[in-house]
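The values are calculated or read from the model by the stated rules, or taken from the named source; none is laboratory data. In this text the structure is predicted, and so the values were computed from the model without any measurement. Cβ: placed from backbone, ideal geometry, glycine included. Neighbour counts: every protein chain shown. Surface accessibility is based on the protein's heavy atoms, side chains included, excluding ligands, DNA and RNA. Shrake-Rupley method; radii C 1.70, N 1.55, O 1.52, S 1.80 Å.
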Amino acid sequence: MAASVLGSTCGPLRLGVTGLCRRRPPRGLWARARRLPGLAGSGRSVAAASGSGASGTDRYCLELLRKRDYEGYLCSLLLPADSRSSAFALRAFNVELAQVKDSVSEKTIGLMRMEFWRKTVDDIYSDNPPQQPVAIELWKAVKRHNLTKRWLMKIIDEREKNLDDKPYRNIQELENYAENTQSSLLYLTLEILSVKDLHADHAASHIGKAQGIVTCLRATPYHGSRRRVFLPMEICMLHGVSQEDFLRQNQAKNVRDVIYDIASQAHLHLKHARSFHKSVPVKAFPAFLQTVALEDYLKKIQQVDFDIFHPSLQQKNTLLPLSLYVQSWRKRY
């Protein structure tokens with residue numbers, strides 16, 4: 001796992017890949033990076049981030065992302081100007097679907113909401129979107145970039161299947177979920193950037209899987225507080241760990257070994273994605289900036305010896321906007 005641009009060490013990591021020391025960007029770049037929304041603080045409005053001509057529906061999507069998917073919000077800000085509003089719409093659509101599971105008390109209500117979005121997508125492709133902010137912005141994105149409908153439907157279908165409070169049976173099941181949600185979102189982002197490239201698609205697939213695995217890890221303390229555990233059962237059984245161990249926040253070695261195995265799989269997907277680096281068009285790189293946040297989390301969890309409940313893992317990375325900006329300048333992912 002390559003060292004994060006935030007890292008202070010350059011030695012080998014437990015995951016087995018030597019960290020990298022990278023040169024500092026020109027001083028002027030740091031000054032420009034400070035003007036990024038999120039790094040500059042409350043002085044920069046949401047409307048300013050989207051441009052002076054931002055509509056009410058556009059601002060709604062921005063605000064939803066800023067509150068519910070801050071990392072996605074920051075990554076979208078670094079896309080080319082003519083792609084940002086469409087990326088905001090896509091990610092806002094994903095947020096709307098993702099929060100269904102935690103916002104309903106009965107599965108039936110969740111199914112009804114998923115059906116609403118399924119019909120909404122059908123209506124969008126019939127040029128008849130409902131008067132809902134995210135739907136309107138998504139319709140604009142579809143019209144502007146001719147987005148592939150099946151990727152949107154895959155996200156809905158997979159989120160719907162995930163309404164059941166069942167842990168993943170194995171890592172492959174978690175990866176399939178991530179492929180159909182996070183990777184599908186990246187395929188659509190590549191379409192927004194007008195990138196049609198097989199290597200970029202392969203990279204997107206692996207990055208999406210890494211994103212899904214890391215999201216599952218990061219959410220473990222939250223799910224545990226609600227007496228739920230979604231980590232792959234096969235890996236837990238391999239190390240003799242029960243769901244109760246996670247509910248009690250057990251920090252025994254075998255519990256940390258479960259987290260190590262899962263985190264290592266996410267790291268492996270990042271490594272595979274980067275193996276396509278020289279073949280992926282530079283135009284596609286902005287779609288993959290989320291690797292910065294993924295790498296940062298994987299490094300932090302390695303530093304606390306894979307204690308998933310360590311308080312430092314719940315702290316917000318205040319330097320993330322700067323790290324994203326620097327990685328964007330370096331044209332890397």
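Here are a few things to note about the model shown:
- Test result for Arg91, within 19 Å of Val292 (Cα to Cα), assigned to a helix (DSSP H, G or I) and in contact with a Gly (Cβ under 7 Å, 6 or more places away or on another chain): yes
- Remark: pairs (first residue in segment 244-266, farther than 13 Å from Asp305 by Cβ; second residue surrounded by 14 or more Cβ atoms within 10 Å (Cβ to Cβ) and among the small types (Gly, Ala, Ser); Cβ separation under 6 Å; 6+ apart in sequence or on different chains) = Phe246/Gly224; Leu247/Gly224; Ala266/Ala210.
- Residue list for segment 117-145, filter: touching a Ser or Thr at 6+ places or on another chain (Cβ under 8 Å) and in a loop (DSSP other than H, G, I, E, B): Pro129, Pro130, Gln132
- Among (1) in contact with a Gly (Cβ under 7 Å, 6 or more places away or on another chain); (2) without any contact (Cβ under 8 Å) to a residue 60 or more places away in the chain - the single one Met112 does not satisfy: (1)
Condition check ((1) within 15 Å of Ile301 (Cβ to Cβ); (2) touching a Ser or Thr at 6+ places or on another chain (Cβ under 9 Å)) across all residues:
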| site | (1), (2) |
| --- | --- |
| Gly224 | no, no |
| Arg228 | no, no |
| Met233 | no, no |
| Cys236 | no, yes |
| Arg256 | yes, no |
| Ile262 | yes, no |
| Lys271 | no, no |
| Lys278 | no, no |
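- Residue within segment 122-142 that is at pLDDT 95 or above, under 17 Å from Tyr187 (Cα atoms) and either touching a Phe, Trp or Tyr at 6+ places or on another chain (Cβ under 8 Å) or surrounded by fewer than 20 Cβ atoms within 10 Å (Cβ to Cβ) (or both) present: yes
- Number of residues in segment 200-258 that are part of a loop (DSSP other than H, G, I, E, B) and either of a type in the set (S, T, N, Q) or open to solvent by 70 Å² or more (accessible area, probe 1.4 Å) (or both): the value is 7.
- Looking at Lys154, Lys166, just one residue is assigned to a loop (DSSP other than H, G, I, E, B) and at negative phi, and that residue is Lys166.
- Members of segment 300-315 found to be open to solvent by less than 10 Å² (accessible area, probe 1.4 Å) and part of a helix (DSSP H, G or I), listed by number: Ile301
- Among the residues of segment 175-187, the one identified as among the aliphatic types (A, V, I, L, M) and within 16 Å of Val280 (Cα to Cα) is Leu186.
- Summed over segment 265-285, residues that are open to solvent by 30 Å² or more (accessible area, probe 1.4 Å), assigned to a helix (DSSP H, G or I) and not basic (Lys, Arg) total 4.
- Residues satisfying the stated conditions in segment 84-111, i.e. buried (at least 18 other Cβ atoms within 10 Å of the Cβ) and more than 18 Å from the chain's Cα centre (by Cα): Gly110
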